[in-house]
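What follows is a single structure, written as structure tokens, with notes after it.
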Amino acid sequence: MKIRSACMRRWNGWGDSNNHYPLKPSGLAFVQQRLGRAEPLPDAEMTAVVAKVPASRLPEHPSVDTRPETRLRHARGQSLPDWLAMRSGEFERFPDGVATPASSGAVRELLDWALEQGITVIPYGGGTSVAGHINPPESDAPVLTLSLAGMDQLMDLDTESQIATFGAGTPGPMVEQQLRERGYMLGHFPQSWELSTIGGWVASRSSGQQSMRYGRIEQMFAGGRVETPKGTLIIPTMPASSAGPDLREIILGSEGRMGVITEVKVRVTPLPETESFQVAFAPDWETGKELVRKMIQAKIPLSMLRLSNAEETRTHLMLAGHEKLVGILHRYLGVRGCGDSKCMITFGVTGDKSQARYVLSQTRKHIRQAGGVMVGRLLGKKWEESRFRSPYLRHGLWEHGYVVDTFETAVDWNRVTSAVETMEKAVRDNAGDGEQVHVFTHLSHLYSQGSSIYTTYVFRCSDSYEKTLARWRVLKEAASNAIVASGGTISHQHGVGRDHARWLHHEKGELGMAVLDRLVNHFDPQHRLNPGCLIENAPRTIR
């Protein structure tokens, strides 16, 4: 039986329109104390924006929907510029049509038709990109958005090899639901899990919250099918191979430039016997950083481990809204040696019961030795219940005149603290006009070599959309320059898209960029697939 999502997507923001998580009074007071009171900008009405959608430039095709509302709903992703465009109604550009094929063969037919007609094609998964992956480029050529939403089913499950085959448009909840019915799971849980798709995870080299147990998408991706302008690429599943470079690595992170991923084969695992999430506190950042580094290098088999810095810890506890309980917690931790500089540690324990007992005992041992304090499952349960709600925070802040955005990177351990300090300072120092920025950070994915760094920043709306976007551009520039100056990757988990493309050469170098350019030109010599994404086709500017 075909499973359908009941989600009613917002046309101008994140997620299900039935889900609303407003700021609690204490949370609003906290933000106002940090940044001052703010005035919200006016939101555009959908009917007025639909009326602005121009006539389609596409020739007629029975599988292509050219209705204005459909094109509007596929015109933007979820980056901050996308958000401002949607809320203001100033979209600038729209795809000329949207096709929703239901098979690889249908994708092949549409791609061949588009290439013959000189049409630009944008592969579209869940529409969750925060880096400009799916925005129609400024072009004289008509634009076809190729949505994979019609390919959302588990196609095959080889229980002996533990390989599952999915249509590339299957969103996270449907991946897990269909596997769970057979006693298995994938375990890939990015924050965008509610809406993002398995094909999009491969295309952007995504990482899930429990990657310590299940791996990033590159460890899960076993093979699949890609429809390219040059023909169909089949990547077979093999446990390992030394027969030259791995073709999976060419497609991982290719962001729609080399072909449309239509089928994804992934390595799955049986459902775990038990799982819990728990919270502890370290006295300060350096103690917490050294604690989690030693835990990951000791190879304690946790499913998740993250460390919030003091400002993020303070912010999360204030936004939770339970003032009396939070006050009791502060006093208890203060007595135990974790005062104003305390840093929250959130970790997951997953597996069979005996393994879970061992993991928990080892974790407690390291925390005690570092002078940290365990507080048990209550806060961990709260985190688990709200783990996919963070994207909705943008709505709660926006209603009161505040803007929130994030950036992320990964560096070796010897640069973690300096990178955090450099990046946070760069954002604070570039707010302009005497404005403040509330900025905080956590380490979200840990490795023996180093860690990812995930930074959130909040600032007040300016008195117009244009000024607010201009302020974001300055902040984005400063943060990205600080990332590469710190020796970090321009993206650990969000991909490159168009917003990050100008910084990619810092990581890949001249020769590496030439290799990527040759690969793109080989698969798509006419530059019809997602031009400007990943590798710039134009002067380097932030769009």
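Which residue is surrounded by the fewest Cβ atoms within 10 Å (Cβ to Cβ), if the candidates are limited to the range 31-80 and must be of a type in the set (A, V, I, L, M) and in a helix (DSSP H, G or I)?
Among those that are of a type in the set (A, V, I, L, M) and in a helix (DSSP H, G or I), it is A48.
Within the bounds of the range 120-143, is there any residue that is at pLDDT 95 or above and part of a helix (DSSP H, G or I)?
no
All but one of (1) over 27 Å from L111 (Cβ atoms); (2) of a type outside the set (F, W, Y); (3) at pLDDT below 90 hold for Q32; which doesn't?
(3)
Rundown of residues vs (1) under 28 Å from L504 (Cα atoms); (2) not β-branched (V, I, T), yes/no style:
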residue	(1), (2)
S242	no, yes
P245	yes, yes
V268	no, no
L271	no, yes
Q278	no, yes
L291	no, yes
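With respect to P173, is the statement that it is surrounded by fewer than 21 Cβ atoms within 10 Å (Cβ to Cβ), in contact (Cβ under 8 Å) with a residue 24 or more places away in the chain and under 20 Å from the mean Cα position of the chain (by Cα) true?
yes
Looking at (1) out of contact with any Ser or Thr (no Cβ under 6 Å at 6 or more places or on another chain); (2) modelled with pLDDT of 95 or more, which is the one condition that is false for G495?
Of everything listed in (1) out of contact with any Ser or Thr (no Cβ under 6 Å at 6 or more places or on another chain); (2) modelled with pLDDT of 95 or more, G495 misses just condition (1).
With the range 258-337 as the region, which helices (runs of 4 or more DSSP H) entirely inside it contain at least 1 residues that are modelled with pLDDT of 95 or more and buried (at least 23 other Cβ atoms within 10 Å of the Cβ)?
Result: 285-297, 310-320.
If W83 meets every condition in (1) of a type in the set (F, W, Y); (2) more than 20 Å from S462 (Cβ to Cβ); (3) crowded, with 19+ Cβ neighbours inside 10 Å apart from one, which number is that one?
(2)
Quick check: is even one residue across the range 434-451 at pLDDT below 95 and over 20 Å from the mean Cα position of the chain (by Cα)?
There is at least one residue in the range 434-451 that is at pLDDT below 95 and over 20 Å from the mean Cα position of the chain (by Cα).
Condition first: in contact with a Leu (Cβ under 9 Å, 6 or more places away or on another chain), more than 22 Å from V175 (Cα to Cα) and in a loop (DSSP other than H, G, I, E, B). Now tell me which residues in the range 206-240 satisfy that.
Selection gives P229 alone.
From the list G432, G401, G376, which residue is in contact (Cβ under 8 Å) with a residue 40 or more places away in the chain, at positive phi and touching a Pro at 6+ places or on another chain (Cβ under 6 Å)? Before you say what the answer is, go through the steps one by one.
Working: G432 fails: touching a Pro at 6+ places or on another chain (Cβ under 6 Å); G376 fails: touching a Pro at 6+ places or on another chain (Cβ under 6 Å).
Only one candidate passes the filter, namely G401.
Please work out which one of (1) part of a loop (DSSP other than H, G, I, E, B); (2) free of Cβ contacts under 8 Å to residues at least 60 places away in the same chain; (3) surrounded by fewer than 16 Cβ atoms within 10 Å (Cβ to Cβ) is the condition P95 fails and give its number.
(3)
The values are calculated or read from the model by the stated rules, or taken from the named source; none is laboratory data. As the structure is a prediction and not an experimental result, all values here were calculated from the model. Cβ sites come from the backbone with ideal geometry, for glycine too, and all protein chains shown count toward neighbours.
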